[in-house]
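So the structure is just underneath, and the comments pick up after that.
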Number of protein chains: 2
Amino acid sequence: MSVPGFSFDVLATTGRARAGLLTTPHGTVETPAFMPVGTVGTVKALDPAELRTAGVEMLLANAYHLHLRPGEDLIRALGGLHRFMGWDGPILTDSGGFQVFSLETMRTLDEDGVEFRSHVDGSRRRFTPESVIGLERALGADIIMQFDHVVPGQASHAVARDAAERSVRWLERCQTAFEATGIERRAPPQALFPIVQGGIYPDLRRASARSIATVGDWLGFGIGGLSVGEAKVDMYAMLDVLDAELPRDRPRYLMGVGFPDDLIAGIQRGVDLFDCVAPTRMGRNGTAFTSAGRVNIRRAEMRDDGEPLDPLCDCSTCGRFSRAYLRHLFAADEMLGPRLLSLHNVHFLVSLVRAARATLLAGDPIELNPSLSPERSP
Amino acid sequence: MSVPGFSFDVLATTGRARAGLLTTPHGTVETPAFMPVGTVGTVKALDPAELRTAGVEMLLANAYHLHLRPGEDLIRALGGLHRFMGWDGPILTDSGGFQVFSLETMRTLDEDGVEFRSHVDGSRRRFTPESVIGLERALGADIIMQFDHVVPGQASHAVARDAAERSVRWLERCQTAFEATGIERRAPPQALFPIVQGGIYPDLRRASARSIATVGDWLGFGIGGLSVGEAKVDMYAMLDVLDAELPRDRPRYLMGVGFPDDLIAGIQRGVDLFDCVAPTRMGRNGTAFTSAGRVNIRRAEMRDDGEPLDPLCDCSTCGRFSRAYLRHLFAADEMLGPRLLSLHNVHFLVSLVRAARATLLAGDPIELNPSLSPERSP
């Protein structure tokens, strides 16, 4: 299958891990790649120019959040999401499946779609496979995800099976809507990615991947419904199962995953794309990833610490500011604090993945620095 | 009078307005200059690198705020304020006189000093001329202001006179403390500036300036107690009075002033340095200075406005983002909104003052674009 503007090349492999190059209409991404999350069209606290400097090549944005505010019609009228948010590189939009099935507010599900209340203003909304494709078409991201049915990590086999099978039926409707809207569009081409579901059950994951293959030929694959409360060992087992099921010449995107140890574990198991809000969310709360484990900058012992957050880091935060200064910014509730820690965390994850890529290109196996395991964190 | 590292050269004059060059141990500042305010060691929402790009050459920081949090001893131990906040250019510290006399919390004044409660933790604190000089020595700014007695713009002649005379007595004590601490210091030299007080009374302003001249020879002069509630016509009248009293070969710093029309009025009346929290405070609240007057980005009509904040502005906000996007950021309470507007506002004021300087160097008179008058603002 070939779509103008899109390609994926695997440049090197070590075991199941791969280094590749993903090309989209808005540029090329070196894989494995970590995508920061620009929920409502901004990676919280950060400027697109800073993201570039930190080595970010591709962003994720949430169709759900942008639909509620400011709305896809406005974004389309203003030239699409890339122009709206001032990011001319590749963008991927998540479909909103994760959000509508995670909502605290009441929602009702039927075969046609999901009705839910907006968390912004309480208004009633309805997402269907067709409406979500219309939404993602309007936003204009390079890669758009199917609308799927996501269940918690503790879901039973029966619940996970129902959701996985519904996700495949919705994929067919997404594809039909995607092709229908493609005909009338003059905008740059988009790629629709299916999402493999199936909870923590190998048979369901296998069935999901095989059903997806019968629906069409895809430029890449999302692996959803992981990192949603299940044990890490289960997540890794699902990646092991899917490695044999998904075509090796297409990118694999492990959705919502982005802690350092999970990135390494994912790369080792053949994953090419990741996204997670962790670096910015934790940064806003004063927690930094470092080469020596997590650091909480609010702790009292940081008060007079003249060292950088991570002496081994070459980001612009660590090159200029002491832990004492960063702690002061958080203590005084100054916006620069969340900014500098978010920037550091994004840089840290991007650098971690880049280093893994360099290792793969050199033909070496990927290993996790033990200090990056959360169990080691202070 | 000559102090190593400091000089001031007037390069061009038109009427009373001057273009000059102020040299400090941390670099040279083209005057007239606008200093953004880094209250607690950060210009709110902005990174030092952004300030440089916006054309900022010198910052102000508040000794009062830094004393309360994180404390001058910590900053000195970490190498001084420049290093602490990652700004290697010139810094001026305000003495805290304005803050302690503006506090809502109880304070008691006697000839020795002022006792007040910390707005951070309610603890009792005492500022005297000697303690404030010790504080400003520890911070290590290039220019440090005397501890003064500030009264509101509506203060009576008797109240303003009492405060102005006390400020001169405190100046003598500041000078003694400054010279005593200078002997033991190995740090870069600092310049102590006196502050002319006297409310809106020409005779008091004249007397204050003349008394200050009898206390010592100064590298520059602060003009305080203005823009504190008095009528603009009174502020301008005081600048007219002082122009004849202050030596023309020294820089004049109009404290706390920084709206566009006041900057132009000040430059026309011989002022060389300005500071104000307005660009960042207003930016955080969603208001932008523009060449067509003030713009409130939160207004409903901005919702689908694809134009930049100010089409005539060359800042990085206006070069990349639409009003609609900026409004969206504020509506969604995203940190990037305050960042981008603060940056634009700082750039706007710095550019305004730079343009005035270029006009003076060309030998032309300074005139205010009428749209910058607040009466014209929408």
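Numbers below:
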read-out	value
Filtered residue count, the stretch B:317-333, keeping only those that are under 26 Å from A:Ser118 (Cα atoms) and open to solvent by 10 Å² or more (accessible area, probe 1.4 Å)	7
Residues satisfying the stated conditions in the stretch B:1-17, i.e. of a type in the set (D, E, K, R) and open to solvent by less than 10 Å² (accessible area, probe 1.4 Å)	none
Residue within the stretch B:77-90 that is assigned to a helix (DSSP H, G or I), more than 19 Å from the chain's Cα centre (by Cα) and not small (Gly, Ala, Ser) present	yes
Cross-chain or 6+ apart pairs with Cβ under 8 Å, the stretch B:9-34 first and among the basic types (Lys, Arg), then in a loop (DSSP other than H, G, I, E, B)	B:Arg16/B:Arg269; B:Arg16/B:Gly270; B:Arg18/B:Pro32; B:Arg18/B:Arg248; B:Arg18/B:Gly270; B:Arg18/B:Asp272
Some residue of the stretch A:324-337 being out of contact with any strand residue (DSSP E or B) (no Cβ under 7 Å at 6 or more places or on another chain), hydroxyl-bearing (Ser, Thr, Tyr), closer than 28 Å to B:Val43 by Cβ and more than 8 Å from chain B (Cβ to nearest Cβ)	no
Within the stretch A:61-87, considering residues that are more than 10 Å from chain B (Cβ to nearest Cβ) and farther than 22 Å from A:Thr128 by Cβ, the one surrounded by the most Cβ atoms within 10 Å (Cβ to Cβ)	A:His82
Residue selected from the stretch A:338-375 under the condition in contact with a Lys or Arg (Cβ under 7 Å, 6 or more places away or on another chain) and within 16 Å of A:Lys44 (Cβ to Cβ), by the criterion nearest to the other protein chains (Cβ to nearest Cβ)	A:Pro338
Candidate set: the stretch A:207-220, residues that are without any contact (Cβ under 8 Å) to a residue 60 or more places away in the chain and aliphatic (A, V, I, L, M); chosen: the one nearest to A:Asp243 (Cα to Cα)	A:Ala209
Any hit, the stretch A:281-289, residues being assigned to a loop (DSSP other than H, G, I, E, B) and of a type in the set (Phe, Trp, Tyr)	yes
Complete set of residues in the stretch A:134-172 that are in a loop (DSSP other than H, G, I, E, B) and not aliphatic (A, V, I, L, M)	A:Gly140, A:Asp142, A:Gln146, A:Phe147, A:Asp148, A:His149, A:Pro152, A:Gly153, A:Gln154, A:Ser156
Qualifying positions in the stretch A:227-256 - at pLDDT below 95 and surrounded by 18 or more Cβ atoms within 10 Å (Cβ to Cβ)	A:Ser227, A:Val228, A:Glu230
Subset of the stretch A:281-311 [away from chain B (no Cβ under 14 Å), surrounded by 14 or more Cβ atoms within 10 Å (Cβ to Cβ) and closer than 16 Å to A:His328 by Cβ]	A:Gly286, A:Ala288, A:Val295, A:Asn296
Test: B:Pro188 is under 19 Å from the mean Cα position of the chain (by Cα), open to solvent by 50 Å² or more (accessible area, probe 1.4 Å), over 20 Å from B:His65 (Cα atoms) and of a type outside the set (A, V, I, L, M, F, W, C)	no
Neighbours by Cβ (under 8 Å, 6+ apart or cross-chain): first from the stretch A:138-164, open to solvent by 50 Å² or more (accessible area, probe 1.4 Å); second charged (D, E, K, R)	A:Gln154/A:Glu230
Among (1) over 18 Å from the mean Cα position of the chain (by Cα); (2) open to solvent by less than 20 Å² (accessible area, probe 1.4 Å), the one test that A:Ser123 misses	(2)
Test for A:Phe193: is it over 20 Å from A:Gly113 (Cβ atoms) and crowded, with 22+ Cβ neighbours inside 10 Å	no
From B:Ala244, B:Ala300, B:Ala265, residue being free of Cβ contacts under 8 Å to residues at least 12 places away in the same chain and within 22 Å of B:Leu360 (Cα to Cα)	B:Ala244
Of all residues making up the stretch B:49-60, the number that are within 12 Å of another protein chain (Cβ to nearest Cβ) and crowded, with 19+ Cβ neighbours inside 10 Å	2
Counted residues, the stretch B:334-350 - those being open to solvent by 40 Å² or more (accessible area, probe 1.4 Å) and in a helix (DSSP H, G or I)	0
Residue in the stretch A:260-272 that is over 13 Å from the mean Cα position of the chain (by Cα), acidic (Asp, Glu), over 30 Å from B:Gly79 (Cβ atoms) and surrounded by fewer than 22 Cβ atoms within 10 Å (Cβ to Cβ) present	yes
Verdict on A:Arg357 being basic (Lys, Arg), open to solvent by less than 30 Å² (accessible area, probe 1.4 Å), at pLDDT 95 or above and touching a strand residue (DSSP E or B) at 6+ places or on another chain (Cβ under 6 Å)	yes
Residue in the stretch B:241-252 that is under 20 Å from B:Gly97 (Cβ atoms) and acidic (Asp, Glu) present	no
Test set (1) outside any helix (DSSP H, G or I); (2) open to solvent by less than 10 Å² (accessible area, probe 1.4 Å) - B:Thr28 fails condition number	(2)
Test for B:Gly41: is it modelled with pLDDT of 95 or more and open to solvent by less than 10 Å² (accessible area, probe 1.4 Å)	yes
Single match in B:Gln146, B:Gln99 (criterion: in contact with a helix residue (DSSP H, G or I) (Cβ under 9 Å, 6 or more places away or on another chain), away from chain A (no Cβ under 14 Å) and either closer than 20 Å to B:Pro25 by Cα or at pLDDT 95 or above (or both))	B:Gln146
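This table checks each residue for (1) of a type in the set (Phe, Trp, Tyr); (2) part of a loop (DSSP other than H, G, I, E, B); (3) farther than 19 Å from A:Val132 by Cα; (4) touching a residue at least 12 places away in the same chain (Cβ under 8 Å).
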| position | (1), (2), (3), (4) |
| --- | --- |
| A:Gln175 | no, no, no, yes |
| A:Ala180 | no, no, no, no |
| A:Pro188 | no, yes, no, yes |
| A:Gly199 | no, yes, yes, yes |
| A:Arg205 | no, no, yes, yes |
| A:Gly222 | no, no, no, yes |
| A:Val233 | no, no, yes, no |
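The values are calculated or read from the model by the stated rules, or taken from the named source; none is laboratory data. None of these values were measured; they are calculated from a predicted model. When we count neighbours, we look across all protein chains shown, and the Cβ atoms used for this are built from the backbone with ideal geometry, even at glycine. For accessibility, only protein heavy atoms count, side chains too; no ligands or nucleic acids. Shrake-Rupley method; radii C 1.70, N 1.55, O 1.52, S 1.80 Å.
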